[in-house]
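Values in this text are rule-based calculations from the coordinates and carry no lab data. Quick caveat, the model's predicted, so the values are computed rather than measured. Because the Cβ atoms are built from the backbone with ideal geometry, glycine has one as well, and the counts that use them run over all protein chains shown.
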Amino acid sequence: MRAVLDPNVIISALLSPRGASAQVLRAWMEGAYEVVASPLLVEELDRVLAYPKIRKRIGRAEAGEVIRLLRRSAQFSNDPTDPPEVRSVDPGDDYLIALAAEVRAVIVSGDHHLLSLRHRIPVQSPNEFLKFLGAEGGSPDGGAS
C-alpha cells in the first residue's frame, strides 16, 4: 500500500510524538506501508518547518532529520504537471491530490479541505489510516489502535 503524507501529518508527528500522526510515521518506518513523496511536498514541509512559530517547537536538527528521512526512505515521484481531476477548495492542496492520483496512493491528512473530498478521492485522517492498517493484518502502533 502507498500513502502520500500531507506535510501537516509529519509536522503533527513531530509536535506530538504519542499522537496518531506519530503512529502513522512509525508504521511507515516499520514497513507497514510505503510513503510516496515529491519535490513539492518536501519543499512545503521544509518551508513550514522553518516558520518561526514551528521552529520554536521543532529544532533545526530534528527538522533536517525528517527531511533527510523522506529523501532517503520515501519513494520519490516527479510532481505531476497536469491538474488533478478533483480539486480542493484550497488550491495549495491540489498537488497532493494529483500526486496521489498519479501513484495510486491514499492521502493521509488532517486538513479538513482534503478530508471533505473523501467521497471523491482516497483520503483518510491519521486515525482512519491507522484503523485501516490494523484491519489489513498488522498492528502499526504496537497493538494499540
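General remarks:
- Between the range 1-62 and the range 73-141, the Cα center-to-center distance that results, in Å: 14
- For Glu34, nonlocal amide neighbours, meaning residues 5 or more places apart or on other chains whose placed amide H falls under 5 Å from its own, are Arg2, Ala3.
- The residue list Leu69, Ile54, Val35 was ranked by how far each Cα lies along the charge dipole of the range 5-85 toward its positive end, using unit charges on Cβ atoms, and Ile54 comes out on top.
- Evaluated with a Cβ-only charge set (Lys, Arg +1; Asp, Glu -1), the chain carries a dipole of roughly 560 debye about its Cα centre, given to the nearest 20.
- Point-charge dipole on Cβ atoms (K/R +1, D/E -1) for the range 10-81, about Cα centre, debye to 20: 440
- Rounded if a/c under 1.5, otherwise prolate or oblate - the range 19-101, Cα gyration tensor axes: oblate
- Normalised contact order of the range 1-69, rounded percent, pairs of Cα under 8 Å and 6 or more residues apart: 32
- Dipole of the chain computed with +1 at Lys/Arg Cβ and -1 at Asp/Glu Cβ about the Cα centre; of Ser16, Ser116, Ala101, farthest Cα towards the positive end is Ser16.
- Most mobile listed residue (Tyr51, Tyr33, Tyr95) in the chain, GNM with C-alpha springs under 10 Å: Tyr51
- Spin-label model, Arg60/Asp82: points 7 Å from Cα along the beta carbon direction are separated by 4.3 nm.
- Across the range 2-135, Cα pairs under 8 Å and at least six residues apart give a relative contact order of 31 percent.
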